[in-house]
Amino acid sequence: MTRPLIHLGLHRTGSTWFQRHVLDGRDGRPLATLPDRAESAARIVLPRELDFDADATRRWIRDRMAEAANRGSPVVISNERFSGNPAAGWADAERNVQRLANLVPDARILLVVREQHSLVRSIWLQQIRIGGISGIEDFLRPLNPGDHRLPVFDPRFLEFDRFVGLLDRTFGEEDVLVLPFEGLRDDPGRHLGRIEAFSKIGFPSPPDTGPVFAAPTLLEAALLRRVNLLAIRSSLHRAPPFPRLGDLGRSIARAAGRIATDSGEARRGGRVDRIIRNRLADLDLAASNRRLSSRLGIDLAEFGWID
């Protein structure tokens with residue numbers, strides 16, 4: 001029997017594309033075993049330790065796995081929330097790994113990583129899309145000493161070799177596949193072929209290989225931040241003064257984003273990239289990436305990673 005495959009994300013590495021277009025059950029592709037990501041997060045990720053019922057959750061997963069077997073489908077579980085929430089510094093990533101190992105101990109693990117500067121920029125833009133109000137400086141700003149009321153973005157997680165090491169120790173290195181997002185973006189068929197060879201599960205390429213949630217332009221993001229501040233209620237901003245204006249404000253921001261000029265985007269992008277580089281300068285990403293390259297047998301520098 002084919003062993004279960006658990007895809008952990010990361011966020012902003014093509015996870016939603018994988019879930020919607022690869023795990024769709026068509027043309028020989030597998031069907032997602034836990035199709036409702038909100039439900040799998042609610043059962044596996046969100047409960048605090050005092051509320052987490054491992055036995056009940058294990059039974060629930062086994063029931064879903066049995067349903068997959070009955071329809072002749074391999075077990076593929078995909079939820080980028082398993083690897084933590086980047087806006088909260090991936091604070092629960094390690095705990096989630098331990099829970100998954102307890103729930104599905106015979107699973108093979110798939111993780112997709114992305115060049116760190118590009119990933120941070122994409123994560124920041126995504127948090128604006130879903131209601132965030134922070135500019136890039138504030139999003140990356142360290143907390144003041146003593147201010148640890150809520151988890152925030154933590155750049156130390158970007159030394160990915162450490163997280164991969166945890167996966168290797170927990171599941172076994174031979175049962176952990178780590179791939180660069182850039183390979184998925186540039187050659188999705190080859191990327192899926194590597195997953196297929198690793199998992200022994202067929203992954204024919206879908207016809208749609210474009211991103212599901214493309215990042216907004218930087219002009220749109222700048223306007224969305226103001227709209228979010230005034231009108232969008234979310235966990236990122238819980239008390240906007242004019243919530244009824246949200247739909248109108250977002251429509252205006254999208255319309256403005258469509259007329260952004262290349263020169264304007266280049267100017268705004270240059271500033272964003274400088275801030276990201278400066279904020280990550282204290283990390284030794286080059287050393288981490290070299291260790292990760294050695295572990296993967298892939299030269300990440302060929303994909304634009306820092307070497």
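The values are calculated or read from the model by the stated rules, or taken from the named source; none is laboratory data. Being a predicted model, the structure only gives us computed values, none of them experimental. Please note: Cβ atoms are built from the backbone with ideal geometry, for glycine as well, and neighbour counts cover all protein chains shown. These accessible areas exclude ligands, DNA and RNA; they are computed on the full protein's heavy atoms, side chains included. Shrake-Rupley method; radii C 1.70, N 1.55, O 1.52, S 1.80 Å.
Points to keep in mind about this one:
- Size of electric dipole in the chain: Cβ of Lys, Arg +1 and of Asp, Glu -1, about Cα centre, debye, nearest 20: 920
- Degrees, to the nearest 10: 246-257 long Cα axis against longest axis of the chain: 80
- Net +/- balance of residues flanking Val152 in space, Cβ distance below 15 Å, scoring K and R +1, D and E -1: -1
- The stretch between Ala214 and Asp36 holds 61.9 nm of extra length on full extension. This uses 0.36 nm per residue minus the Cα-Cα distance.
- Ranked by the mean number of other Cβ atoms within 10 Å per residue, highest first, peptides 275-284, 141-150, 194-203, 224-233 order as 224-233, 194-203, 275-284, 141-150.
- Counted charge near Asp27, where neighbours are those whose Cβ lies closer than 15 Å (Asp, Glu -1; Lys, Arg +1): 0
- Average accessible area per residue (Å²) across the range 145-204 - probe 1.4 Å, nucleic acids and ligands excluded: 51
- Test item: Cα-centred dipole of the range 78-127, Lys/Arg +1 and Asp/Glu -1 on Cβ, debye: 60
- Cα gyration tensor category, rounded, prolate or oblate, for the range 182-307 with a/c compared to 1.5: prolate
- Rounded if a/c under 1.5, otherwise prolate or oblate - the range 1-133, Cα gyration tensor axes: oblate
- Average accessible surface for the range 10-141: 41 Å² per residue, computed with a 1.4 Å probe over protein heavy atoms with every protein chain in place.
- Carbon and sulfur %, accessible surface of the chain computed with the full protein complex present, 1.4 Å: 50
- Under 13 Å, Cβ to Cβ, from Asn289 - net charge with Lys/Arg +1 and Asp/Glu -1: -3
- Simple point charges give the picture: +1 on the Cβ of Lys and Arg, -1 on the Cβ of Asp and Glu, and for the range 109-251 a dipole about the Cα centre of about 780 debye.
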